[in-house]
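S.K.: Dropping a structure here in structure tokens format, bear with me for questions.
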Amino acid sequence: MTLRQIILRKELAISSDVDLRRAMLVGYLSLLSISISFFYLVYNIIFAIEDSYLSYIVLMSGSTLSIWLNRNGSHFVAKLVFLFTTNFVVFLFSAKANFETDTHFYYIIISISAFVLFGYARRWVAIGVTFLSIGLFVFSFITGFSILPDSAYPESYIRSNQLINFVLGTIASCTVMYIMIKLNFLSEGKLKLKQEEVTTQNQALQKANEELDRFVYSASHDLRAPLTSILGLTNLARQSKDPAEVEQCLQLINLRVHRLDEFIHDIIDFSRNSRTSVQKENIAVLQTVEHVLDTLKHSVMERPIEFEVNIATDLHWQTDPSRFTIILSNLIGNAIKYFDRAKERSLVHIVASNTLTSYRLSIRDNGIGIPQEHQARIFEMFYRASDTSKGSGLGLYIVKETVDKLSGSIQVQSVFGQGSEFTITLPR
């Protein structure tokens, strides 16, 4: 973080991680050049070689200017200033020393740095910098031209320069290669993430298409069946002169209308859950359960149902109230719908509690239960455990989808002929 604050201003906005890495690399290399310049300045003072002082000052100045431009957002210009300055200074020293100190190997590092700094999008700039390095090397190699005065270096100076240039060149090369590998790693990571996102989206799209096909087929049948039945009962009532038969027809019509209304409500709940985002609020659990019970008590019941509610009056959950109501309405509605006529009492137990990490809701009944062979598929769209099922086949599917939307889970325990228990767990 300290280096980043030196190289780039804190408030400077950079569009991508790749551009940030390249901007940081300009700063790293500029700081490295300043350090090398200062080191060699002191080194030459020790060896009393005075003709190179100005060159080190030029390298320091160019690297400092590159850092200043980079900090102020002129990243492209900063790269050019750094690369041209280093090319020029390497040309001065490699030509003067007749390549004895191996300074010319810095041309290779500069060329590699150019490609990493500019990337593929601006590869022609990097190619231009590379040709400049090659041109300067060939020119000085063939002509022996040097701006600096010609002077002989001691053997100890030449050998120590070779060692120092090798070490510093290795450090600079490793820095450039590390950034290049890091950029490739980031690109691969983003590509992998995009592929995973595409795969997830394709799976979701495939699921949606399959559900849409089943929905259109089953919904059209379930909408037409009660309407056809109502039309038939209406015609029968018109033709009948028996008041008892007419009353029976009206009761059957009323039953079909209620089932059609329930099915339409299921469709609305399904659409709302799939299209709307989760809106969490602080809800009083007991009051919400009582509200749902009051609503269902006014629906058609073949016999009285006893409800045992074990929920603290001060229990509050942070969840989506609309989706929580959908879960309660479907599960309690199923407990009412599938009561066991063979039993004297029909009971429904509703329990809600908190743990350290989750909310827990349990709805248990002593109804007809679910056969073991059907339990694995009861949460599928339009799945019915039997042909005599009273529901639309959407209720438990909607419950499962709603719980998933809330990042929760649902479990079922049921024994055919004894009853069922559904347990909902939602994250706190």
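S.K.: Pairs of alpha-carbon atoms within less than 8 angstrom and 6+ residues apart define the contacts here; what relative contact order does the chain have, in percent?
M.R.: 10
S.K.: I'd like the FRET efficiency for D294 and L227, computed as 1/(1 + (r/R0)^6) with the beta carbon distance as r and R0 of 30 Å, rounded to 0.05.
M.R.: 0.50
S.K.: Pick out, from Y338, I134, M177, the residue whose Cα sits farthest towards the positive end of the charge dipole of the chain, with +1 on the Cβ of Lys and Arg and -1 on the Cβ of Asp and Glu.
M.R.: I134
S.K.: Can I ask one more? Quick one: 3J(HN,Hα) in Hz for segment 226-235, Karplus 6.51/-1.76/1.60 with θ = phi - 60°, rounded, Gly and Pro as x.
M.R.: Computed from phi, the couplings for segment 226-235 are x, 5, 5, 5, 5, 4, x, 5, 5, 4 Hz.
S.K.: Order by neighbour count: S113, S156, S94, fewest other Cβ atoms within 10 Å first, most last. Spell out each step's value before the answer.
M.R.: On the way: S113 26, S156 9, S94 23.
With the sparsest Cβ surroundings first, the list reads S156, S94, S113.
S.K.: Continuing with the same structure: Mind putting a number on the dipole of the chain about its Cα centre? Charges go on the C-beta only, +1 for Lys and Arg and -1 for Asp and Glu, and I need it in Debye to the nearest 20.
M.R.: It comes to approximately 580 debye.
S.K.: Moving to a separate point now. Please list 279-286, 24-31 highest first by mean number of surrounding beta-carbon atoms within 10 Å per residue.
M.R.: On the way: 279-286: 14.9, 24-31: 22.1.
Top of the packing list down: 24-31, 279-286.
S.K.: Nearest 5 is fine: what % of DSSP beta bridges in segment 279-427 come out antiparallel, could you say?
M.R.: 85
S.K.: Can you give the extra length, in nm with one decimal, that the chain gains between I164 and I45 once fully stretched, where that is 0.36 nm per residue apart less the Cα-Cα distance? Let's see the in-between values first.
M.R.: On the way: separation 119, 0.36 × 119 = 42.84 nm, distance 1.58 nm.
Residue separation times 0.36 nm, minus the Cα-Cα distance, leaves 41.3 nm.
S.K.: Please list the non-local residues whose amide H lies under 5 Å from the amide H of L8, H modeled 1.01 Å from N, same-chain partners needing a gap of 5 or more.
M.R.: Sorted by chain and number, the residues that satisfy this come to none at all.
S.K.: Fully extended, how many nm does the chain gain between Q279 and T355 (0.36 nm per residue separation, minus their Cα-Cα distance)? Please report the intermediate quantities before stating the final value.
M.R.: Numbers: separation 76, 0.36 × 76 = 27.36 nm, distance 2.19 nm.
Answer, rounded to one decimal: 25.2 nm.
S.K.: Continuing with the same structure: For Cα extents along the principal axes in Å, several values are listed as (1) 64, 52, 46; (2) 128, 47, 38; (3) 70, 52, 48; flag the one computed from this structure.
M.R.: Of the labelled values, this structure produces (2).
S.K.: Here's a follow-up. Suppose the chain between I108 and R4 were pulled fully straight at 0.36 nm per residue; how much longer would it get relative to their current alpha carbon spacing? Spell out each step's value before the answer.
M.R.: Values: separation 104, 0.36 × 104 = 37.44 nm, distance 2.66 nm.
Full-extension gain reported as 34.8 nm.
S.K.: Suppose R0 equals 60 Å; then what is the FRET efficiency for D404 and W124 from their Cβ-Cβ distance, rounded to the nearest 0.05? Each step should come with its number before you reach the end.
M.R.: Numbers: r = 51 Å, r/R0 = 0.86.
Between D404 and W124 the formula returns 0.70.
S.K.: Please give the FRET efficiency for R377 paired with N310, using the beta carbon to beta carbon distance and R0 = 35 Å, rounded to the nearest 0.05.
M.R.: Working from the Cβ atoms, E equals 0.70.
S.K.: Using alpha carbons only, how many angstrom separate the centre of segment 22-59 from the centre of segment 317-374?
M.R.: Segment 22-59 and segment 317-374 have Cα centres spaced 77 Å from each other.
S.K.: According to a simple spin-label model (label point 7 Å from Cα along Cα-to-Cβ), what is the distance in nm between D17 and E245?
M.R.: In this crude label model, E245 to D17 measures out at 7.8 nm.
S.K.: If you line up the long axis of helix 395-405 against the longest principal axis of the chain, both from Cα atoms, how many degrees apart are they, to the nearest 10?
M.R.: 20
Rule-based calculations on the coordinates, nothing more; no lab input. Everything quoted here is computed from the prediction, not taken from an experiment. Positions of Cβ are generated from backbone atoms using ideal geometry, with glycine treated the same way; all protein chains shown enter the neighbour counts.
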